[in-house]
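Each remark here refers to the structure printed beneath this line.
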Amino acid sequence: MIATLAVLEPLFAVVFLFASVLAMPTFRVKSLLRLYACSSIALALLIFSFAVRDASGHLYPLALGTLFVKGLVIPALLTNAIRRSGASERLQSSLRAAPSLFVTVAALLVTALLIQHLPFAASAASAHVLYLSIAVAFAGILMMVLRRDVFSQMVGFLFIENGIAAFSLATIVVIPVAIEVGIFSIVLLAVSMMALLSHKVQELYGTSDTASLRELTD
Amino acid sequence: MSPLLLTVIQAVLVLGLAPLTVGLVRWFKARLQGRQGAVPWLPYVALATMLRREMVISESTSWVFRLVPFVVCATGVFLVLILPLVSTGSALSAYSHFMLVAGVLALGSVFLVLGGLDSASAFGGMGSSREMTIASLVEPAVFAVFAAFAVASGHATIDGMVQTGGAALLVTPALLFSLIALVLIALAENARYPVDNPATHLELTMVHEAMVLEYSGPYLAMVEYASALRLTVFLLLLANFTVPTSFLFHPSAWQTGATAAVLVGTFLKLLLGSFLLALLETSIVKMRFYRMQEYLSLAFVIALAGLLLTLFL
Amino acid sequence: MDPAFLSFAILASLAGTVFAALVALLGVRAHHFAHILLAFSGAVGAVASIAFVVQDFEVLEIASVRLFFGMTFALDVFSAIFFAIVGLVSCLCSVYAIAYVRQSHEGYHIASLNAATALFVLGMQGVLLSTNVLGFMAFWELMSITSFFLVMADRKPASIKAALFYFVMTHLGAAAILTGFFVLAQGTILADFRTLAFSAQVIPAPALALTFFLFLFGFGSKAGLVPFHAWLPEAHPQAPSHISALMSGVMLKVAVYGFLRMMLFLIPSLPATFGLVIIGLGLASAIFGALYAVIERDIKRVLAFSSIENIGIIFTMIGVGAYAFANRLPGLLVVALLAAVFHCVSHALFKSGLFLAAGAIVHATGTRSLERMGGLAKRMPLLSGAFLVLALSAAALPPFGPFYGEWMFLQSLVQSLAAPTDGAVTGVLVLVLFAVVLASALAIFAMVKLFGIATLGAPRSEAAEKAVEPPASMNAPILLLALLLAWMGVFAPALVSLVGGKDLVSAANRLPAIEIVGIRPDASLVVPAAVFLGLLACLGLVFLLRRLLSDAKRERSYHTWNCGQPIDASMEYTATAFSAPIRFFFRFLLRTKNTVVAIPVVATNPWICRRELFLNLRSVWMDYGYLPIARTCLRAASIVRRVQSGSVQLYVAFIFLALLVTLVIAL
C-alpha cells in the first residue's frame, strides 16, 4: 500500500496543480467547481499519502477534513447558491480563454525560476510540494485579478486557500487538531458568507459582473 | 521475416482496412444514438460506386485541382509505408522521423487546401481558410508531443518511440499528458468533433467537407479514401503507444501464434479505437470555429506539460 | 583546378561587372548586351567559387591593392559560399531583366537602371571579398547607395519615400558598423580582419558589449531584424522585381555574412546573455514577420515580410549557436551555424525565385494587390508550376531543400534537450523550438495564401482574365530556381557537407570538434533522395491504381456548383478573408483596426446606410515604435530650432560662450 501510494504521489501532485491551471480558461461555473473539487481531492490524497509515508498521525484528520470540507461540502454549497440565485452560468473575464491559459503557464515558469531564491526553500520538507503550493496560490491570485465576476473571485480565493494548505504541508511539522478545525470552519463560514453576498448582488444588480460594483450608490 | 515483407504486409493490411474503420465509426455512432446504422463495410461499396461514376470538373479549375487528389492520397500511402502501424522494424522504419511525418502531414493538408481554393466558390475558400488555420496552429502541439516522446525514449523516429511504448508509460508517467495531447491533435487533424463535423450537410459548419465539395467520381473517391487512411493511421498509432509492442510484427519473430495475435490485435485496436471515437463524438458537441484558439492552446499546453515534466522529473 | 585559374576567374567576374556597368551607360540599345555581360560575369563568379569550395582550398588571394593603404581581397570558404549565391542569383536576375525591363510600363530610365544594377552587384561582390575594414566599408557604401537609387527607379512618390526611409536606416546602420570596427580595432580603421580577431580576445568586456550591440544594430538593420526592419516592407516592393529579388535574396545575405563574420570573432569571448539577445530579436522577427506575411494583401509585401521571417530564423540559429557555445554545448554551435548558412543558401534561392515570379505576375495583371488576381494557374501553367514549387520550398515542406535545413536545426535542438544541462538552458532551448515551429507554421499559411489566392480559382479582375504566360527569358530563371530547390531536396546531405560545418567554424579557428550526445543519430539514416523518390513512387502508384480501377476518360466540364444561384468571381475568398482567422486569433499581437463608417442615405431614415469598412493593417512596430520616435525627434528638433532665431546678438553670444567653454576645457 505504501509502495502504490509512493508511486501515485506524483500523480496526485500533478492533478492538484493541473486542475488549478485548467481552471483558468474555464468559463462555466459548474466546470470550475468540478475542477476545484478535483484539485481538493487530489490535495487530500496527497496529504493522505504523506501521512502513510511518514507515519504521522496528525495528518489523517487533515486529509479527511480536506476531502470532506473542500472536496464535497464547499462545491455543493456553491453549486446550490448559484442555482438558487439564478446567476448566469457563463463567467466574465477581462482576458480571453487562450491568453489566460498562457499567462498561467508563464506564471508557473516564473515561480519555478524564483523558488530557488526563497529563504525557506532549503528547510522545506519537500521541494516539490513547496513549488506546488506557491504555484497554486499564484494561479488563484491570477484568477482573482483577471476575472471579473463574483464566483470566479470566490473560487480564486479557494485556490489560494488550497495553496496555503499545501504550503503548510510542506513547511510545518505538526498542526494541532484544534487549529485544523478552526481553519476549516473559517473557510466554510467565508464561503457561505460569500454565497449569501453573491445572492444579494445578483438580486440587486441582475448580474454577477463586478464591473457593476465599482461605484457607490445611494 | 524480412523487413521488406513486413512493409508489404503492413501496406496491404492498412490500405485494405482503412474504409472499414470509417464504416465502424459510423456504425458505432449510429448504434450509440439509437439508430440502426448502415453496415460497417458500406464505405467499400461507396468507394467502388464513386470510382465508376463520371466526373464533373468545374471550368474555373486548373491543373492544381487535378493534382490534389493524387498528392493527398500519395502522402497517405507514404505515411502507411513508413509508420509503425502493424509492424516495427520494417524496411522504411528509419524514415518515420517525427519531423518528416509532421512535414508529410502538412504537405497533404496544404494540397487539400489548394484544392478547396481552386474550386472558385465561397464554400471552398471558407473551408480552406479554416483548415489551414487549424493545420498551422496544431504544429507546435505536434512537435511538443513528439519531442517529449523523443526525449523519453532516446529515439527520434516514431518506430523507435513505439518500441519503448507500453512500458515507457509506466517509467515516465508524464507521457500520459503527451498522449492526451496526441488525442486532441488527432481529433483536429482528422476533422472530428469537437473541431469539425464530418457528417454535416450545412456548409457553414464544414471545414474538411467544404474543401472537397467540388470533387466527384474517382477524385472524390481518392480524397475520401485518403481521409480514411489518415484516420486509420492515427487510431493505430495511438493504440500502439498505449499497448505493448507484442501486438506488432517484428523481423525477429515468426510463429503462427504470434502472427495470429498481431492480426487479431490490429483488428481489435481498430474496433476499440472506432468505438471510443464514436463514444467521444456522441458525448461532446462541436466547438465554434472561433474557439479553436482555446482548443489548440489547451492541446499545446498539455503537450508542453508532458515535455517539461519528462525533462525535469 | 589551379588556384591561380580560380583567382583569375573571380577577377574576371569582377571586371565583367564593372564592364557591364560601363556598357549599360551607353544607352537603351546596350540593354541586352549589358545584361548578358552581367549574367555571364555572375555565372563565372558562381562557378569559380563553387569550384573553390568543392576543392577545399584554404584561402584564395584575389588581388592586393597596395597603393590604397594596402587592401587585400581574398576568398575563403565562408565568403565563397555567399559569393556563389551572389553570382548565381545576379546571373538569373540579369537574364530575367532583359525582357522584364523592356516590357514594364513603369517608365524606367533604362541606362541608369542597368548601370546601377551592375554597380550594386559589384558592391556585394566587393564586400564578400574584402579582408579589411576599409575595403569592406567602401563596398558596403557602394552597395547601399546604388540600392537607394534602384529602389526609386520608377520615380513615383511612394518609391521615393520608401527609398529615403531605406537610405536613412542603412546609413544609421553603416555608421554603427563603422563605429563597431573602430572600437574593435581600438582606434584605427585600417585594420584587417586578422587584427580584429586578435583584438576581440583582448578588449575589455564593456568595449566588447558595445561592439556587439553596434554590430547587431548595423548588420541587423540591413538584414531586416525586428525592430530595425520597418524599411524593408516599404522598400522591397517599390523596387523593380529583379532588384527586389537581388535585395531580398542576396543583399540581406551579405548583411548576414557580415554579422556572422563578426560573430565568429566575438563568440569565444561573449557571455551567454548576448546570445539570448540575438535569440530574442531573431524570434521576434520570425514571429512578427510570419504574422504580417499572413495578413498582408500586397504580393510583394507578403514576400518582404517573409524575408523578415526567414532572416529572423537565421539570426535565431546564430543566437542559439552563440548561447550554446557560452553554455558549453559546442556541438550545438556547429550545427546551428551550419543550419544558418544552409538556410541562407536556400532562402536566397527561393526568395529570389518568388520575387521574380511575383514580378511576372504583377506585370501580367497590372496590379500588386492579391485581391485582383486569381485564375493564373490556368492561364500561366509553367509559371504557376514553378511558383508552386517555390512556395512549397518557402513553407519548408518536404521534399524540397529548405525543409532539411530546418530539420537539421530542430533535430539538434531536440537532441540537446536530452543532453544533461542546466534548467535555464533547457528552458531557452524549449522556447526557441516552439517559437521557430510556430513561425514556420505561420509561414506555411502565408505561402499557401500567396499561391492560392494569386493563382487559383476564377480571375478576380479583367486584367487577370487576360493574363498570358510571360516570355521564355523571364520564365527560364524562375523554372531554373524551382529545379534547383528540388535538386537541393534530393542532394541535401551533399550540400550540407559542401557548406561544411567544420570549415565554417574553424574560420574562427579556436573551436574543438565534439559529437552530439543524447539521442541516437537516426536522422543520418534518412536519405533525402529516398524521400523524394518515395513520394514520387507513391504518386505513381496512386496514378496507376486510379487508371486501373476507373475509366479516366469519363468526365464532363461544367461550372462550379452554386446552389442554383448565379455566382461570380467576387464571391470567392479574398486574401483578407483567407487570413481572417489568424487576424482574429492573434489580435492582441497585431492590433489591426477595423472601422465601419455608416452614412445614412437619406437623412431622415437612419436605418438605410451606406457602410464603408476600413481595415488598418499598419504594423505595431510603426504605430508604437517608429512613429513615436519620429514625433519625439521632430519635437526635439523644433525646440532646438529656437536657437536659430536670426538675431545676430544671439549668435555673437554663442560664439563668445563657445570660446569660453573651449578655454575652460583647455586650461
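So the values come out like this:
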item: Qualifying residue in the stretch C:345-363 (condition: among the charged types (D, E, K, R), open to solvent by 20 Å² or more (accessible area, probe 1.4 Å) and within 30 Å of residue C:46 (Cα to Cα)); result: no
item: Residues located in the stretch B:54-97, provided they are assigned to a helix (DSSP H, G or I) and among the hydroxyl-bearing types (Ser, Thr, Tyr); result: B:75, B:93, B:95
item: All positions within the stretch B:117-127 that are crowded, with 24+ Cβ neighbours inside 10 Å, assigned to a helix (DSSP H, G or I) and facing chain C (nearest Cβ under 7 Å); result: B:117, B:118, B:125
item: Any hit, the stretch C:419-432, residues being on the phi < 0 side of the Ramachandran plot and either of a type in the set (Lys, Arg) or touching a strand residue (DSSP E or B) at 6+ places or on another chain (Cβ under 6 Å) (or both); result: no
item: The stretch C:528-549 - residue that is more than 10 Å from chain B (Cβ to nearest Cβ) and over 27 Å from residue B:50 (Cβ atoms) and, of those, surrounded by the fewest Cβ atoms within 10 Å (Cβ to Cβ); result: C:533
item: In the stretch B:268-303, the residues that are more than 12 Å from chain A (Cβ to nearest Cβ), within 16 Å of residue B:207 (Cβ to Cβ) and open to solvent by less than 20 Å² (accessible area, probe 1.4 Å); result: B:281, B:289
item: Test: residue in the stretch C:208-227 that is farther than 18 Å from residue C:131 by Cα, hydroxyl-bearing (Ser, Thr, Tyr), in a helix (DSSP H, G or I) and out of contact with any strand residue (DSSP E or B) (no Cβ under 7 Å at 6 or more places or on another chain); result: yes
item: Leading residue by the ranking (nearest to the chain's Cα centre (by Cα)) among those in the stretch C:380-408 that are of a type outside the set (A, V, I, L, M, F, W, C) and at the interface with chain B (Cβ under 9 Å from one of its Cβ atoms); result: C:406
item: Selection count, the stretch C:288-332, where residues are in contact with an Asp or Glu (Cβ under 7 Å, 6 or more places away or on another chain) and in a helix (DSSP H, G or I); result: 6
item: Any pair with Cβ under 6 angstrom, 6 or more apart, that starts in the stretch C:285-303 at a residue that is free of Cβ contacts under 8 Å to residues at least 40 places away in the same chain and ends at one that is assigned to a helix (DSSP H, G or I); result: none
item: Criterion: in contact with a helix residue (DSSP H, G or I) (Cβ under 9 Å, 6 or more places away or on another chain) and closer than 27 Å to residue C:158 by Cβ - qualifying residue of C:266, C:303, C:270, C:281; result: C:303
item: Among (1) under 30 Å from residue B:132 (Cα atoms); (2) open to solvent by 60 Å² or more (accessible area, probe 1.4 Å) - the single one residue C:642 does not satisfy; result: (1)
item: Test for residue C:411: is it facing another protein chain (nearest Cβ under 7 Å), in contact (Cβ under 8 Å) with a residue 60 or more places away in the chain and crowded, with 21+ Cβ neighbours inside 10 Å; result: yes
item: Identity of the residue in the stretch C:550-581, among the hydroxyl-bearing types (Ser, Thr, Tyr) and open to solvent by 30 Å² or more (accessible area, probe 1.4 Å), that ends up farthest from the other protein chains (Cβ to nearest Cβ); result: C:570
item: Output for the stretch A:89-107, where each listed residue is more than 9 Å from chain B (Cβ to nearest Cβ) and at pLDDT 85 or above; result: A:100, A:103, A:106, A:107
item: Subset of the stretch A:26-36 [among the aliphatic types (A, V, I, L, M) and surrounded by fewer than 22 Cβ atoms within 10 Å (Cβ to Cβ)]; result: A:35
item: Test: residue in the stretch B:66-73 that is modelled with pLDDT of 90 or more, over 20 Å from residue C:395 (Cβ atoms), more than 7 Å from chain C (Cβ to nearest Cβ) and surrounded by fewer than 24 Cβ atoms within 10 Å (Cβ to Cβ); result: yes
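Yes/no per residue for (1) farther than 22 Å from residue C:559 by Cα; (2) open to solvent by 40 Å² or more (accessible area, probe 1.4 Å); (3) in a loop (DSSP other than H, G, I, E, B):
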| residue | (1), (2), (3) |
| --- | --- |
| B:191 | yes, no, yes |
| B:195 | yes, no, yes |
| B:201 | no, yes, yes |
| B:204 | no, yes, no |
| B:209 | no, yes, no |
| B:223 | no, no, no |
| B:226 | yes, no, no |
| B:232 | yes, no, no |
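The values are calculated or read from the model by the stated rules, or taken from the named source; none is laboratory data. As the structure is a computational prediction, the values presented were derived from the model and not from experiment. Methodologically, a virtual Cβ is constructed for each residue, glycine included, from the backbone with ideal geometry; neighbour enumeration extends over all protein chains shown. Surface accessibility is based on the protein's heavy atoms, side chains included, excluding ligands, DNA and RNA. Shrake-Rupley method; radii C 1.70, N 1.55, O 1.52, S 1.80 Å.
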